[in-house]
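Right, one structure below, let's go through it.
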Amino acid sequence: MTEPMSIDVYVDYLCPYAHAGAEWLREVRSQLNGTLTINWKLFPLEQVNSDKGPDWKVWEQGADHRTRGWEGFRAAVAAANQGDDAFERFHFGWFQNLHDIEVGAKRKSVFEVAEQVGLDLDQFERDFNNPELWQRVARDYETGRETVGVFGTPTVVFPDGQSAYWQMRPAAPSADALTVWDDFQATVVGRPYIREIKRPTKPEAK
């Protein structure tokens, strides 16, 4: 890729595939030396999977609404209010806190991660509890659902509107990151007639 490109990527922090996909895309961006821009979009699967009826919205719940997933989204928009760099530091810090720790290890709180990545904690706490900022999640989610048809994470949207949900775990190794990116882009953008590729799972030997 020689031309600059901007893509939208929809993520849910609890999703292990979104974590691996985000790590891979960060490596791709690094190797492309700034020609790839990633617009991270917040897409709560709690909303997709809700059984509370069509009028229930997670971003309209009060500050006492407690799920591990929603806490991360509130924290992400609070981090974003301190700038794009602050958002990305928290974004990857929170992903790593949820997925890159040993089994049984204690996970950090959003406030501990915010401190770890160098955010202004007073502002972070105020913004974390500001329902007006949660509308960022509403905008991302509703745009994804209504204009793209996003149903899961991660989903990438290319500039021409072609989009794809994919599962990758673990992230593609650094040495292979660009090759995977080229193949992925060629398939999604260049071959829109390919609707789904899925590996079968072999039955366990008895």
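General observations
- Cα-based values for segment 81-135, radius of gyration first and Dmax second, are 12.0, 36 Å.
- C-alpha long axis of helix 84-99 to longest principal axis of the chain, angle in °: 80 degrees
- Sequence-distant contacts, meaning Cα pairs under 8 Å at least 6 residues apart, place the relative contact order of segment 5-190 at 35 percent.
- Rounded, prolate or oblate (a/c below 1.5 giving rounded, otherwise prolate when a/b exceeds b/c) for segment 34-138 by Cα gyration tensor: rounded
- Förster-model FRET efficiency, 22 Å R0, Arg199 and Asp51, C-beta, rounded to 0.05: 0.15
- Under 26 Å from Lys108, Cα to Cα: lysines that are on another chain or at least 8 residues apart: Lys41
- Sorted from longest to shortest, the spans of the Cα atoms of the chain along the three principal axes equal 46, 44, 41 Å.
- In the chain, excluding the sites themselves, the longest stretch lacking any of the GluC sites (Glu not before Pro) that are in a DSSP loop with at most 12 other Cβ atoms within 10 Å is 1-101.
- The convex hull defined by the C-alpha atoms of segment 92-206 has an orientation-averaged projected area of 11.9 nm².
- Segment 3-59 - convex hull of the alpha-carbon atoms, volume per residue in Å³: 86 Å³
Quick note: the coordinates plus some simple rules give every number you see, no bench work behind them. Everything numeric in this text was worked out from a predicted model, so none of it was measured. Note that each Cβ is placed from the backbone with ideal geometry, even for glycine, and that neighbours are counted across all protein chains shown.
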